Amino acid sequence: MVAKVNGSVGAAIKYAIEARDSRMLSKLYADDATLRVIDHNNPPSKPREVRGRNAITTFWDDICSRAMTHQIDVNATEGDRLTFSQSCAYPGGAKVFCVALVELAGGKIVRQTMVQAWDE
């Protein structure tokens, strides 16, 4: 059975990402949360790790300030875990696809791993 808090967090993530609301996003993280990014520049052997809510806020401020659209395509929850996929597009047509795995504790994100690929 999916916990109601996870559904609420999933809905909040969807809204905040699609609205490009970095402040709302950062409030969803625990103070000591870790966000890990795996992509072309940050391979699995050396992922980018963003630690703590302040650093995560800076990360999302950068992402949300970019002129691009974000759409959450799939959002699934089970217990204290949440996954979603996201399609993004820049005005020039370049596309980005991201899959995120989120771990929750006390209704807050404590760990998140994002795997993303973009047009090159």
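Laboratory data are not the source of any read-out in this text; all were calculated from the coordinates shown. Quantities reported herein were computed from a predicted structural model and do not represent experimental measurements. In this analysis, Cβ positions are derived from the backbone assuming ideal geometry, glycine residues included, and neighbour counts consider all displayed protein chains.
For a test of the definition: using alpha carbon positions, the gyration tensor, and the 1.5 limit on a/c, classify the range 76-117 as rounded, prolate or oblate.
Numbers: a/c = 3.31, a/b = 2.98, b/c = 1.11.
Prolate, since a/c reaches 1.5 and a/b exceeds b/c.
Using label points projected 7 Å from each Cα along Cα→Cβ, tell me how many nm separate Ser87 and Arg66, to one decimal.
For Ser87 paired with Arg66, the spin-label model returns 1.7 nm.
If you rank Met68, Met114 by fewest surrounding Cβ atoms within 10 Å, what's the result?
Listing Met68, Met114 from fewest to most nearby Cβ atoms yields Met68, Met114.
How big is the dipole moment of the chain about its Cα centre under a simple scheme where the beta carbon of each Lys and Arg is +1, that of each Asp and Glu is -1, and everything else is neutral? Debye, nearest 20, please.
The calculation lands at about 220 debye.
Please list 3J(HN,Hα) in residue order for the range 83-97, calculated via the Karplus relation 6.51 cos²θ - 1.76 cosθ + 1.60 where θ = phi - 60°; whole Hz, with x for glycine and proline.
10, 7, 10, 9, 10, 10, 9, 8, x, x, x, 5, 10, 10, 10
List the residues whose amide H sits under 5 Å from the amide H of Ile109, counting only those 5 or more places along or on another chain, with H placed 1.01 Å from N in the peptide plane.
Placed amide hydrogens put Tyr29, Ala30 under 5 Å from Ile109.
Would you mind pulling out the separation of the Cα centroids of the range 81-107 and the range 27-76, in Å?
First find each Cα centre; the distance between them is then 9 Å.
So what's the back-of-envelope 222 nm ellipticity for the chain, counting only DSSP H runs of four-plus at -39500 (n - 2.57) apiece and dividing by all residues, rounded to 500?
Roughly -8500 deg cm²/dmol at 222 nm, from the helical runs in the chain.
Apply the a/c threshold of 1.5 to the C-alpha gyration tensor of the range 4-118 and tell me whether it is rounded, prolate or oblate.
Values: a/c = 1.44, a/b = 1.25, b/c = 1.16.
Rounded, because the longest to shortest axis ratio a/c is under 1.5.
Between the helical axis of 4-18 and the dominant principal axis of the chain, each derived from Cα atoms, what acute angle in degrees is found, rounded to the nearest 10?
That helix lies at roughly 20 degrees to the long axis.
May I ask you to derive the FRET efficiency for Ala19 and Arg111 from their Cβ-Cβ distance with R0 = 25 Å, giving the value to the nearest 0.05? Could the numbers behind the result be given before it?
On the way: r = 24 Å, r/R0 = 0.94.
Efficiency for this residue pair is about 0.60.
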